[in-house]
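Colleague: Got a structure for you, questions after.
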Amino acid sequence: MASTRSSFKMTSFDEQRLIQLTRDGDYDAFNRLVVEYQDAVFGVVLRMVRNRATAEDITQDTFISAFRKISSYRGGIFRAWLFRIAKNSSLDHLRKIARRGETSIDEDIVYFSETVKDDSQDPEADALNAELARLIEHCMGGLSDDHRFAMVMIDVEGYQYDEAADAIGVSIGTVKSRLNRARARMRDCVQQDRELLPVSMRLYDKEN
């Protein structure tokens, strides 16, 4: 389909109008959608594949695929539709590297960094927080792909259950179930090195 140009100037972000123009082959309209959502898509993908260069490639591929498939969008949360494309690409990548026995970790990624921040400017506390961040990253990496994606969407990126369910392609109940299991497994995993945890987050055996 030949590219067209928008016939009017938009002073605010008009998602549905941009989607319709994209369906008509308007690259400028689609670029507006890319600018609006590329950071969100990249953030989710990065926390799934844990490699910056790979996340950039998957994010780019996600938008190329979205442009080609825009006619299949049937309403709902458009950002969640993009997340679903990104999720499928991310899982494909993770399955490929699992079959090859490779790893895909970018060490500058810190999961749940906001939960371990310390404003004391204490070098020892900073070192402990870095260790805790690595522990959390390790535990996140041990989750199944489905459980990790649910946790990334809700606990890391802060999206609502309905958007996460739409992105994953399951019911809200299924998302909640996966998230509860992911949280339980994360709790058990991090407790293995509970000396790294803030006191308020430590669990102790009954005899202690």
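Every read-out reported here was derived from the displayed coordinates using simple, explicitly stated rules and does not represent laboratory data. Keep in mind that this is a model prediction, so the values were computed, not measured. Glycine gets a Cβ as well: all are built from the backbone with ideal geometry, and neighbour counts include every protein chain shown.
Colleague: Between R99 and Q160, how high is the FRET efficiency from 1/(1 + (r/R0)^6) when r is the Cβ-Cβ distance and R₀ = 35 Å? Nearest 0.05.
Modeller: Once the sixth-power term is evaluated, E becomes 0.55.
Colleague: Once fully extended, how much extra length lies between N31 and L91, figured as 0.36 nm per residue of separation less the alpha-carbon to alpha-carbon distance?
Modeller: 19.1 nm
Colleague: I've got another one for you. Quick query: amide H of D26 versus all other amide H atoms, modeled in the peptide plane; which residues come in under 5 Å with a sequence gap of 5 or more or a different chain?
Modeller: Residues meeting the amide H criterion: T4.
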